[in-house]
Amino acid sequence: MEKEEIVNRLTPVFRKVFSDNSLVITDELSALDVENWDSLSHMLLISEVENEFYIKFKLKDLKKMANVGDMVAIISSKF
Amino acid sequence: MSEYLIRKAIVNDIPFLADVVIASEKGMSDRLSFATLFNKTEAEVKDLIMLMLEEETEGCELSLSSFIITEFEGRPISGSGAWIEGLNGALPSKILKSNLISYTFGEKSVRYLRTKAHIVQDVLIEREPMTLQLEYFHILNEHLGKGLDADLMHRIEENARAQYPGLGKVQCQIFKNSVFSIKILLRHGFRIAKSYKSADEEIFDYLPYNEKLVMEKEFKN
């Protein structure tokens, strides 16, 4: 799956989880940049992303995910 | 104090540490948030906490490496968990913990959490980077009043300063009804820095209390 498609599908997921229709996701975007990206919203985000792409992240995947760029790369690796 | 041995936690301590986490989380209540927010029984939660500790992730409250144990006559009688937030570029502990819970508890539990998340939002508190975070501190009842808390606090701070000599502060997030623990922290030089309160009465069905304090102590470097 191409990166552009992944980002296009991730964007509405992020906007829904963080209740921000203006949110733009970039490779560098992380929990440090979004005010309400807390432990609860992170769990919901992971769940929503898994449902969107019909994937299950391994724990080692999650440990490597420091930002959206890492998330995109890991999703891409599963296709 | 010589009859007590304080040491780093090891894999064999995991079942005891799961009990420490559960006792600390419940505090002065019967509410275990790992159970109430994820629709699990306490027995299920204990198994899941053990699985999370077995992952040996570093840098959060569910890290085996965060814990020290006190032994008495060869048996664990206290457990205390602390880590330096964001040390060596580690991910925020909120992310590390959430990853562990997401992976271990499973999708059904996270879906249940989604329906309850709004209740606890007001008492979710960010952790300050490069501070020592004290999260779990539990001594079995029969060993209270022996001065063990002072030795444990000293060891926790000593271990942390060995990792990061420039350490300036230790913080602890604690529910306001944990009066016994708050007294201990005040006795050890902590002060109440901030308070976060939820107006949603429903929170009492899920968490030990509706108000959480951030207590902190600054180190003189």
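The values are calculated or read from the model by the stated rules, or taken from the named source; none is laboratory data. Everything quoted here is computed from the prediction, not taken from an experiment. Glycine gets a Cβ as well: all are built from the backbone with ideal geometry, and neighbour counts include every protein chain shown. Just the protein is used for accessible areas: all its heavy atoms, side chains included, with ligands, DNA and RNA removed. Shrake-Rupley method; radii C 1.70, N 1.55, O 1.52, S 1.80 Å.
Between B:Glu157, B:Glu44, B:Glu85, the Gaussian network model of chain B with springs among Cα atoms under 10 angstrom shows the greatest mean-square fluctuation at B:Glu44. Using only Cα atoms, tell me the angle between helix B:93-105 and the longest principal axis of chain B; keep it within 0 to 90° and round to the nearest 10. That helix lies at roughly 60 degrees to the long axis.
Please label the shape of the range B:4-218 as rounded, prolate or oblate, based on the square roots a ≥ b ≥ c of the eigenvalues of the alpha-carbon gyration tensor (a/c under 1.5 means rounded; beyond that, a/b larger than b/c means prolate, else oblate).
Here the range B:4-218 falls in the rounded category.
Restricting the calculation to Cα atoms, every distinct pair contributes to the Kirkwood radius of the range B:93-221, found to be 16.6 Å. Residue separation of B:Ile192 and B:Glu211 scaled by 0.36 nm, minus their Cα-Cα distance, works out to 5.6 nm of gained length. Once divided by 2.2 N^0.38 Å, the Cα radius of gyration of the protein assembly as shown becomes 1.02. Given R0 = 41 Å, the distance between the Cβ atoms of A:Thr26 and B:Asp30 translates into a calculated FRET efficiency of 0.35. Listed cross-link partners B:Lys108/B:Lys176; A:Lys16/A:Lys56; B:Lys26/B:Lys94; B:Lys46/B:Lys194 are compared with a 23 Å cut-off, the Cα-Cα value being larger for B:Lys108/B:Lys176; B:Lys46/B:Lys194. With one equal scatterer per alpha carbon and no solvent term, the Debye-computed log10 I(q)/I(0) for the range B:1-76 at 0.14, 0.16 1/Å reads -0.48, -0.62. The value given for chain A is a Kirkwood hydrodynamic radius of 12.6 Å, derived from the mean inverse Cα-Cα separation. Over the range A:3-77, what is the relative contact order in whole percent, taking alpha-carbon pairs under 8 Å and six or more residues apart? Dividing the mean separation by the residue count of the range A:3-77 yields 42 percent. Rolled with a 1.4 Å probe across the full set of protein chains, the surface gives A:Glu28 an accessible area near 130 Å². Packing-based ranking of B:7-15, B:172-180 yields B:172-180, B:7-15, ordered from highest to lowest mean Cβ neighbour count within 10 Å.
To test your reading of the geometry: what angle, between 0 and 90 degrees and rounded to tens, separates the Cα axis of helix B:14-26 from the longest principal axis of chain B? Between helix and principal axis, roughly 70 degrees. Against chain B, whose longest principal axis comes from its Cα atoms, helix B:148-163 is set at around 90 degrees.
Where both residues lie in chain B, what percent of DSSP beta bridges are antiparallel, nearest 5?
Here the antiparallel bridges make up roughly 90 percent for chain B.
Entry note, chain B: relative contact order of 23 percent, from Cα contacts under 8 Å with a spacing of 6+ residues. The mean sequence separation of alpha-carbon pairs under 8 Å and at least six residues apart, normalised by the residue count of the range B:1-99, gives a relative contact order of 30 percent.
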